[in-house]
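Asks: Structure provided below as structure tokens; questions to follow.
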Protein chains: 2
Amino acid sequence: MHTELCDRFGIQYPIFVFTPSEKVAAAVTRAGGMGVLGCVRFNDPDDLEAVLQWMDANTDGKPYGVDVVMPAKVPTEGTAVDIDKLVPEAHRDFVAKTLADLGVPPLPDDAARSQGTLGWLHSIARSHVEVALRHPIKLIANALGSPPKDVIDEAHAAGVPVAALAGSAKHAQRHADNGVDIVIAQGHEAGGHTGEIGSMVLWPEIVEELAAVSPQTAVLAAGGIGTGRQVAAALALGAQGVWMGSAFLTAEEYDLGVRSGEGPSVIQQALLGATSADTVRRRIYSGKPARLLKSRWTDAWDAEGAPDPLPMPLQNVLVSEAHQRMSASADPTTVAMPVGQIVGRMNEIRPVADIIAELVTGFESATRKLDTIRDS
Amino acid sequence: MHTELCDRFGIQYPIFVFTPSEKVAAAVTRAGGMGVLGCVRFNDPDDLEAVLQWMDANTDGKPYGVDVVMPAKVPTEGTAVDIDKLVPEAHRDFVAKTLADLGVPPLPDDAARSQGTLGWLHSIARSHVEVALRHPIKLIANALGSPPKDVIDEAHAAGVPVAALAGSAKHAQRHADNGVDIVIAQGHEAGGHTGEIGSMVLWPEIVEELAAVSPQTAVLAAGGIGTGRQVAAALALGAQGVWMGSAFLTAEEYDLGVRSGEGPSVIQQALLGATSADTVRRRIYSGKPARLLKSRWTDAWDAEGAPDPLPMPLQNVLVSEAHQRMSASADPTTVAMPVGQIVGRMNEIRPVADIIAELVTGFESATRKLDTIRDS
């Protein structure tokens, strides 16, 4: 499975995996793909620095990247305290009542009160870029469209290509105009921030748009990919590689989240049990539409009388402690977890290397089947 | 492009096209695919009889099928007058005011008042089956899931396979249990009645479910297919053929709808100008969620104060005359037209034979590209 991106990045397979877990990211890189570490959870740049040092020591000199969350428009900025003041009291009351209704335990007394996930803030996302550029990273991806021009220029000066997510051909074209090197065409099926247009329509639309206006810009297909068959479909539709996330949340190496004993974490239990119909796309996670695992938490926001979500970054400030409390609890029915519709296919815990191996062999057998259909 | 369905149906390509136009259906059949004529517009069985006689005379003895709209659960039944009484006055007022606000002209004085589209009624759909079985049809498809058992039995007794749309693996399994021969896996992207799960996830899910529980049941992929690349993706994902609809609304042979002079019809003008972002999925067409072209009509139902749509079949009774009035007008901004997200790719009027030819050559070039990716 070899496309032009393999040569460009020095990777064996054009499989790019976004993950908040450095264990998973490193394993993807070692298995011949490109692990891309999500930075949004690092409020303190020193924590990211330590994790990237670990990545450097555990990737056999093979390429990896980082993913930051940097809105193209600079949003409300400030310290956690400033931002906090902008959250309406009625919203806080709703969250408190909902957590009580759902029986979500408080954080342990000795847990430091969270300052929220500051990675959504522009200044923190910039600190992630600064830290990352001190490491031999091979890609900076931005989860919310084009990063600001000076960030793109800084990355390019360091020889690091920039990728950005797009939910429409118009977005893709804008990214290319802004100097983005790789557009991640993220279909409606995807987990996390996602648009309305399904992968089957979106991917070739972006491929064709960029081929016409900016042929040097590569396209990765995202949204709904979990097996080698789907990789074959993505490449048939003209993408030069795939961008995956959800399917690696049930990787054996994924060590984030609470677990009681040896088995899967609470989050992984919730994911293993879900079908493709068990996701919702809502603004309740960050303020922008994101696909989440359906849970009693998302149900509460859908119930009559629930408030409208706040804009980014306020919504995340509002729900950040709630997310921590749910993540710390042992109840898989109350979670706030971004995941795509491919969750229906995530039915066992597997090592990263096995997932990658299936993507490759599944791709090969799907293409051989197509040969038979074509040639018979 | 040859799959098992080609042998089973005696067709050259596993391309099934649903269309309300007998001109398009016949042209698809003549071009080597399977034209499937939508019957819901025929209130009078004699009209369907006449059109099927025309089909018989214009398909060179090649196979064609019909599509009926038969809910698995028998809905509210009765004459147009009975049904009419169940429509709330406030809903009628909203429709009347909306049409006035949008400047939709009344029907010409001499136009017979419509009795609504009775094809949604169980009894009428049954009459479509009766009429169709007097012709050499090769497929009966049902747009709303499994038809009643006696209808399936009657079709089978006549040697005619039955197809049914499914939006989830659970639906697909139920159809197979009911004796349906072909499941049409209809992804979120599709026009008309459609579910939440995107094609990229839904198709392989249904393929794998049926392979496990009912391997004799074939799967057609629907939702987002307009080009040969997408056909390749569908077959890579394990479907045995494709089911298309939207992409043939801009066929040269499509002669339904108002047109002023030689050019495209009013509806076709609206479709040619739309992007993939210009659809909405709403219950306003039939009472069940259906993807429609976004228009000033759909905007009006999204505006604050608009009533909730009525259940099937009442909603269609409510809006049927409105649909006729909009269809008869020359304003492409007020239409009620089911169409999928592939509408963004429908940018020119082309003969059916050209569309089919591109599907075949596009499929071939996509699979050759995959061979290069696999073998290099």
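The values are calculated or read from the model by the stated rules, or taken from the named source; none is laboratory data. If you're wondering where the values come from, they're calculated on a predicted model, not measured in any experiment. Heads up, the Cβs are rebuilt from the backbone with ideal geometry, glycines too, and the neighbour counts pull from every protein chain shown. Note: accessible area is taken over every heavy atom of the protein model, side chains too, but ligands, DNA and RNA are not part of it. Shrake-Rupley method; radii C 1.70, N 1.55, O 1.52, S 1.80 Å.
Rundown of residues vs (1) within 14 Å of chain A (Cβ to nearest Cβ); (2) in a loop (DSSP other than H, G, I, E, B), yes/no style:
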position: B:Pro136; (1), (2): no, yes
position: B:Leu144; (1), (2): no, yes
position: B:Ala155; (1), (2): no, no
position: B:Ala163; (1), (2): no, no
position: B:His171; (1), (2): yes, no
position: B:Ala185; (1), (2): yes, no
position: B:Glu189; (1), (2): yes, yes
position: B:Met200; (1), (2): yes, no
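Asks: Continuing with the same structure: Go through the stretch A:202-229 residue by residue and tally those that are part of a loop (DSSP other than H, G, I, E, B), open to solvent by less than 20 Å² (accessible area, probe 1.4 Å) and more than 9 Å from every other protein chain (Cβ to nearest Cβ). Talk me through it step by step, then tell me what you get.
Replies: Residues of the stretch A:202-229 that are part of a loop (DSSP other than H, G, I, E, B), as a first pass: A:214-217, A:223-227.
Still in the running and open to solvent by less than 20 Å² (accessible area, probe 1.4 Å): A:214, A:217, A:223-227.
Going one step further and asking which of them are more than 9 Å from every other protein chain (Cβ to nearest Cβ), we end up with A:214, A:217.
Count: 2.
Asks: State all residues of the stretch A:230-266 that are among the small types (Gly, Ala, Ser) and part of a helix (DSSP H, G or I); if no residue qualifies, say none. Walk me through it before giving the result.
Replies: At the first step, the residues of the stretch A:230-266 found to be among the small types (Gly, Ala, Ser) are A:232-234, A:236, A:238-239, A:241, A:245-247, A:251, A:257, A:260-261, A:263, A:265.
Answer for the stretch A:230-266, where residues must be among the small types (Gly, Ala, Ser) and part of a helix (DSSP H, G or I): A:Ala232, A:Ala233, A:Ala234, A:Ala236, A:Ser246, A:Ala247.
Asks: Further question on the same structure: Consider A:Ala141 carefully, then state whether it is hydrophobic (A, V, I, L, M, F, W, C), in contact with a Gly (Cβ under 7 Å, 6 or more places away or on another chain) and crowded, with 19+ Cβ neighbours inside 10 Å. Write out each step before concluding.
Replies: Details: hydrophobic (A, V, I, L, M, F, W, C): yes; in contact with a Gly (Cβ under 7 Å, 6 or more places away or on another chain): yes; crowded, with 19+ Cβ neighbours inside 10 Å: yes.
Yes, satisfied.
Asks: If I ask for residues that are touching a strand residue (DSSP E or B) at 6+ places or on another chain (Cβ under 9 Å), hydrophobic (A, V, I, L, M, F, W, C) and part of a loop (DSSP other than H, G, I, E, B), which ones from the stretch A:296-349 would you list?
Replies: Correct list: A:Val335, A:Ala336, A:Met337, A:Val339, A:Ile349.
Asks: Could you pull out the residue among A:Gly195, A:Gly179 that is part of a loop (DSSP other than H, G, I, E, B), in contact with a Pro (Cβ under 8 Å, 6 or more places away or on another chain) and open to solvent by 10 Å² or more (accessible area, probe 1.4 Å)?
Replies: Values: A:Gly179 fails: in contact with a Pro (Cβ under 8 Å, 6 or more places away or on another chain).
From the options A:Gly195, A:Gly179, the qualifying one is A:Gly195.
Asks: Tell me yes or no: at least one residue of the stretch A:201-213 is closer than 22 Å to B:Gly238 by Cβ and out of contact with any strand residue (DSSP E or B) (no Cβ under 7 Å at 6 or more places or on another chain).
Replies: Taking the stretch A:201-213 and keeping what is closer than 22 Å to B:Gly238 by Cβ, we get A:201-204.
Applying the additional criterion that residues be out of contact with any strand residue (DSSP E or B) (no Cβ under 7 Å at 6 or more places or on another chain) yields A:201, A:204.
Yes, there is a match, as at least one residue in the stretch A:201-213 is closer than 22 Å to B:Gly238 by Cβ and out of contact with any strand residue (DSSP E or B) (no Cβ under 7 Å at 6 or more places or on another chain).
Asks: Among the residues of the stretch A:12-27, which ones are within 14 Å of another protein chain (Cβ to nearest Cβ) and open to solvent by 10 Å² or more (accessible area, probe 1.4 Å)? Don't jump to the end; show me each part of the working.
Replies: Let us first name the residues in the stretch A:12-27 that are within 14 Å of another protein chain (Cβ to nearest Cβ), namely A:12-15.
Those that are within 14 Å of another protein chain (Cβ to nearest Cβ) and open to solvent by 10 Å² or more (accessible area, probe 1.4 Å): A:Gln12, A:Tyr13.
Asks: Got a number for residues in the stretch B:28-59 being open to solvent by 10 Å² or more (accessible area, probe 1.4 Å), over 14 Å from B:Ala132 (Cβ atoms) and assigned to a helix (DSSP H, G or I)?
Replies: The total comes to 2.
Asks: Against the condition under 21 Å from A:Thr217 (Cβ atoms) and of a type outside the set (Gly, Ala, Ser), how does A:Cys39 come out, does it pass?
Replies: Working: under 21 Å from A:Thr217 (Cβ atoms): no; of a type outside the set (Gly, Ala, Ser): yes.
No.
Asks: Pick out the one residue from B:Ala277, B:Ala232, B:Ala303, B:Ala270 that is away from chain A (no Cβ under 14 Å) and touching a residue at least 60 places away in the same chain (Cβ under 8 Å).
Replies: Values: B:Ala277 fails: away from chain A (no Cβ under 14 Å); B:Ala232 fails: away from chain A (no Cβ under 14 Å); B:Ala303 fails: touching a residue at least 60 places away in the same chain (Cβ under 8 Å).
Only one candidate qualifies: B:Ala270.
Asks: Among the residues of the stretch B:364-376 satisfying the criterion of being more than 7 Å from every other protein chain (Cβ to nearest Cβ) and under 19 Å from B:Tyr13 (Cα atoms), which is least open to solvent (accessible area, probe 1.4 Å)? Lay out the reasoning, then the answer.
Replies: Step one: of the stretch B:364-376, the residues more than 7 Å from every other protein chain (Cβ to nearest Cβ) are B:365, B:368-369, B:372, B:375.
Then drop every residue that is not under 19 Å from B:Tyr13 (Cα atoms), which leaves B:365, B:368.
Numbers: B:Ser365: 71, B:Arg368: 126 Å².
Among those that are more than 7 Å from every other protein chain (Cβ to nearest Cβ) and under 19 Å from B:Tyr13 (Cα atoms), it is B:Ser365.
Asks: Another question, then. Go through the stretch A:331-363 and count every residue that is hydroxyl-bearing (Ser, Thr, Tyr) and more than 14 Å from every other protein chain (Cβ to nearest Cβ).
Replies: The number of residues fulfilling the criteria is 2.
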